[in-house]
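**Student:** Input: one structure, supplied below.
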Amino acid sequence: MKVTDIFKVIITTLLVIAFTVSVISCKEASVVEEQVVEQQEEEKGEVTIPSETKETTPETTEETPPVVEEKPEKIEWEGVIISPIEGLGFDNGKFLFLEGNLYGGEVGTEAGVLTWAEINNEKRLVIGLGPPVVEAMQKKIMEEEKKFVYAIPIDLEKNKGIKIKEVEDKRTDDWTKKDGVFWDKNFNLEISNVPLGTIIYSPVSTSPDGYLFFGNNDRRNDYYHLGFLTNSREKLFRGNERVDAEVAVSIDAIGIKLLPEGIEEKMVQDEGSPFPLYRSDVKMGTPVAEIISKEYLNDQYWDKNISPSEPASEPSILIHCEITQSKDPDKPFDIDQMSKYLIMGLEGLLKLGEEEMFVFISPAYK
């Protein structure tokens, strides 16, 4: 045999051996890999289908249920269920500022209180709130509901036993006899059984569009008319009819002194005014008068023109909120161009919740 033939045989033998070893190694690796996979699957406790044989199933498309916001829970206090107030929590008769409240109150501090008062001969739950909260609520109602409301300007928590009654206004001035002048019957609020030392607070902020004036009827030095005017030319309505002249909250009382002391000395009688006046801007919740006598004004003075020096059969303070509509809203307000007029009793008060709780100003809560 030639050397070349021998060399060929050797090379061929080596190739066969290498190929055989390679096949055996691949088989062993495959077996080891399968054993590792089986071991991993046994540890997971589940069988994994190889990707090339895994069946694809269509994804299920379930509709996402709509998000329903839970309504705040009702509040139960002294056997009465009341509606919660936005931005305020409640604890044992007191309201507390919550985080993110719109009133600027410090979280956790007291914002108001629940108490009882007699309104129209009925015991009613009422709520006292600080001036900043009342003013924010008043502003929101004016912007969203386009109507004017105000809070009772006396602290009903501090001054117990006060009675509030709606009485028909029976003034007999010639202008009140005009046909079609009134929206409805006019009502005053008569506040009686008022303790000495009771403070009357400003029910509105008058600046910058209005003003507060004190008027003395010049018959006695403790009988005053307090008028709080606010410009309502921002398109307020009563129902579908506009209210476009000044809105005024007026308080008439005997047996009061004005606050701060010394205001009486600054009164001057304007031309055409029936009595001396003092004009000033004032912020809601400002103390403006104090009850110093048990002799109060009542509706008899409107109806029968009884002199304030005569004793009243039912001591009281009179509060009336007046809204008007002018023939021409672009002209300054004047009685001669008035087309509609209304004195609101309970209708003009700020009320909250389905229970229509009347709100009073309580400066104890900031």
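**Student:** Between ASP184 and LYS94, what length in nm is gained on full extension when 0.36 nm per residue of separation is reduced by their alpha carbon distance?
**Tutor:** On the way: separation 90, 0.36 × 90 = 32.40 nm, distance 3.73 nm.
Stretched out fully, the ASP184 to LYS94 stretch lengthens by 28.7 nm.
**Student:** At a 10 angstrom cut-off on C-beta neighbours, averaged per residue, how do the peptides 75-84, 252-261 rank from highest to lowest?
**Tutor:** Numbers: 75-84: 12.8, 252-261: 18.8.
Ranking the peptides 75-84, 252-261 by packing returns 252-261, 75-84.
**Student:** What ranking do 186-198, 112-124 get when scored by the average of other Cβ atoms within 10 Å per residue, highest first?
**Tutor:** 186-198, 112-124
**Student:** Evaluate E = 1/(1 + (r/R0)^6) for PHE237 and GLU76, where r is the Cβ-Cβ distance and R0 equals 45 Å; express this FRET efficiency to the nearest 0.05. The partial results should precede the final answer.
**Tutor:** Working: r = 36 Å, r/R0 = 0.79.
That gives a FRET efficiency of 0.80.
**Student:** Moving on. Go through LYS94/LYS158; LYS140/LYS351; LYS139/LYS351; LYS170/LYS340; LYS74/LYS351; LYS74/LYS163 and tell me which ones have a Cα-Cα distance over 20 Å in this structure.
**Tutor:** Details: LYS94/LYS158 14 Å; LYS140/LYS351 13 Å; LYS139/LYS351 14 Å; LYS170/LYS340 17 Å; LYS74/LYS351 17 Å; LYS74/LYS163 28 Å.
Violating the 20 Å Cα-Cα cut-off are LYS74/LYS163.
Throughout, read-outs are computed from the coordinates displayed, never taken from laboratory work. Since the structure is predicted, the reported quantities are computational estimates derived from the model, not experimental observations. Heads up, the Cβs are rebuilt from the backbone with ideal geometry, glycines too, and the neighbour counts pull from every protein chain shown.
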